[in-house]
Amino acid sequence: MKLEELRFGTELIKRGFASMQKGGVIMDVVNAEQAELAEEAGAVAVMALERVPADIRAAGGVARMADPQKIVEIIDAVSIPVMGKARIGHFVEAQILEALGVDMVDESEVLTPADEQFHIDKTRFSVPFVCGARNLGEALRRIDEGAAMIRTKGEAGTGNVVEAVRHMRAIMGGIRALSGMDNQELVDRARDIEAPAALVIECAQRGRLPVVNFSAGGIATPADAALMMQLGADGVFVGSGIFKSSNPEATARAIVEAVNHYDDPKIVAEVSKGLGEAMKGLDVHMLREDEVLQTRGR
Amino acid sequence: MSTCSGKTRCCRPVGVKIGVLALQGDVAEHITAFREALADRPGSTVVPVRHAADLGDLDALAIPGGESTTISRLIGKNGLYEPLAGFEGGIFATCAGMVLVADRVDDPRVRTLGLIPMHVARNAFGRQVDSRETSLNIAGLADPFRAVFIRAPVATEIGSGVEVLARIPEGIVVVRHGRHMAFAFHPELGGDLRLHRTFLEGLGI
């Protein structure tokens, strides 16, 4: 047995990093103060942004990677991992985030895509990536490109959990539907969903995605977070839901506890008391086609 | 051992029960690894531990990797601090778990359990891109172990009775203290169960 002495950025390290986030809440923050509040509340990581998705939506225009100054400020403020968002296909933004010392890059539909045909070739990076997905085929295409973690897309910045539920059900249901299939049927299904056959077969064998799968895009309350966990999420991203609520500190703590005790309604009830107004939220059916973020990247 | 009838004291007549602290982190990976390590012991169980009552009849407890600040906070919230600090079985602690079982840490955000007298530094390697796999010589293992360090801690000082089983330039990465073992890396990832077996043998299991 010949062991290589020292290796960085292997698949095991990248996927392992994502595994350490399981059962946790990853919170969007826009400055050092919010990052400290998130860490204090029990977040497992923070997503460093210039604006939360609800404000990106309101601002319009082209949404890009955050100012590196902002990201460094947040990295310096906390001891938990810091993630950053790059535009879909914008591998130079990803290179910059990696150079800044970001612990995971989110190749995110919340930002304006830079490439409408190709996602980033994530195998070329040492830093691990998380990518959004709406269904099993999309999740497996991202994993094939090197994503170490998947998050269901939901519809970011809406405070409306309906799309997050749709996407989690699509992925979990897509995996359940594989059970009992023989090899030929799995290969046929792989063609249907435009995913690599080897990954479809791996999902069938494991009964789950080969990487950690979080929920994102519309989680605004402890109940929303517990709902996503009961539907099979390994953890949750909360974007606008915390700092657009009337009491971010209490909301952040409550969501952490709701994820920890997602199957204990008494505790979820207790932590949900007196949180004040949740973020206002949007009806996703009222969004214009060009306002829908989840259709970016496929 | 394979010829043991299970009726004598040559080995434990009943299966063993291992818990995995299931507040946050790679709990499922620990459960899978211990189930595999105990596959030849009929009647053994590996269970997630979320409440103090779950600790009662355990032979050993694994404290998984994850975020030590988050796990520390949830230990407090769930009333687990005293029960864990007083746990009498063996403890198998990895990464964040190694931080939690120490008695001193370089970060006031983590309340350590004080089970192993040592000082631990969190994130001793830097950012995630500095996380690494390396071939590690560990006392008691004939061949090197492929160790996966992920934003890992190291022990910087040890107290009396703590045995250092592996050390790298950054610091101490494997220790044994009585029935407890702590690892800065993740023996639960990668499928090599030699350290799980070493731990179980140390408990007389």
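The values are calculated or read from the model by the stated rules, or taken from the named source; none is laboratory data. These numbers were taken from a predicted model, which means no experiment stands behind them. Cβ atoms come from the backbone with ideal geometry, glycine included; neighbour counts cover every protein chain shown.
Residues in region B:160-205 that are within 14 Å of chain A (Cβ to nearest Cβ) and in contact with a His (Cβ under 9 Å, 6 or more places away or on another chain): B:PRO187, B:GLU188.
Among residues of region B:120-138 being farther than 23 Å from B:VAL110 by Cβ and part of a loop (DSSP other than H, G, I, E, B), the one that is nearest to the other protein chains (Cβ to nearest Cβ) is B:ASN137. Sub-8 Å Cβ pairs linking a first residue in region B:177-199 that is assigned to a loop (DSSP other than H, G, I, E, B) to a second residue that is among the aromatic types (Phe, Trp, Tyr), at least 6 apart or interchain, are B:ALA184/B:PHE149; B:PHE185/B:PHE149; B:HIS186/B:PHE149; B:PRO187/B:PHE145; B:ASP192/B:PHE145, ordered by first then second residue. Restricting region B:57-102 to residues that are of a type in the set (D, E, K, R) and more than 15 Å from the chain's Cα centre (by Cα), the residue that is farthest from the other protein chains (Cβ to nearest Cβ) is B:ASP57.
The residues listed here are A:ARG7, A:ARG64, A:ARG57, A:ARG51; of these, the one that is within 22 Å of B:ARG151 (Cα to Cα) and either without any contact (Cβ under 8 Å) to a residue 40 or more places away in the chain or over 17 Å from the mean Cα position of the chain (by Cα) (or both) is A:ARG7. Taken residue by residue, region A:232-245 has at least one member that is more than 26 Å from A:ARG57 (Cα to Cα) and touching a residue at least 40 places away in the same chain (Cβ under 8 Å).
Scoring B:GLU157 on the criteria (1) of a type outside the set (A, V, I, L, M); (2) touching a residue at least 60 places away in the same chain (Cβ under 8 Å); (3) more than 14 Å from every other protein chain (Cβ to nearest Cβ) leaves a single failure, condition (2).
Scanning region A:67-89 for residues that are part of a loop (DSSP other than H, G, I, E, B), among the hydrophobic types (A, V, I, L, M, F, W, C) and either away from chain B (no Cβ under 14 Å) or over 17 Å from A:ILE26 (Cβ atoms) (or both) yields a single hit, A:ILE88. Screening the candidates A:VAL105, A:VAL92, A:VAL130 for the property of being outside any loop (DSSP other than H, G, I, E, B), within 14 Å of chain B (Cβ to nearest Cβ), aliphatic (A, V, I, L, M) and free of Cβ contacts under 8 Å to residues at least 40 places away in the same chain yields one hit, A:VAL105. Considering region A:10-41, the residues that are surrounded by fewer than 22 Cβ atoms within 10 Å (Cβ to Cβ) and within 7 Å of chain B (Cβ to nearest Cβ) include one that is farthest from B:ARG132 (Cα to Cα), namely A:LEU12.
Looking only at residues in region B:146-190 that are at pLDDT 95 or above and at positive phi, the one that is surrounded by the fewest Cβ atoms within 10 Å (Cβ to Cβ) is B:GLY161. Being closer than 30 Å to A:GLN230 by Cβ, within 12 Å of chain B (Cβ to nearest Cβ) and assigned to a loop (DSSP other than H, G, I, E, B) is a condition met by no residue of region A:47-66.
Among the residues of region B:46-56, those that are within 17 Å of the chain's Cα centre (by Cα) and of a type outside the set (D, E, K, R) comprise B:VAL46, B:VAL47, B:PRO48, B:VAL49, B:LEU55. No other residue among A:VAL102, A:VAL92, A:VAL130, A:VAL78 is within 28 Å of A:ARG166 (Cα to Cα) and either hydrophobic (A, V, I, L, M, F, W, C) or surrounded by 24 or more Cβ atoms within 10 Å (Cβ to Cβ) (or both) apart from A:VAL130.
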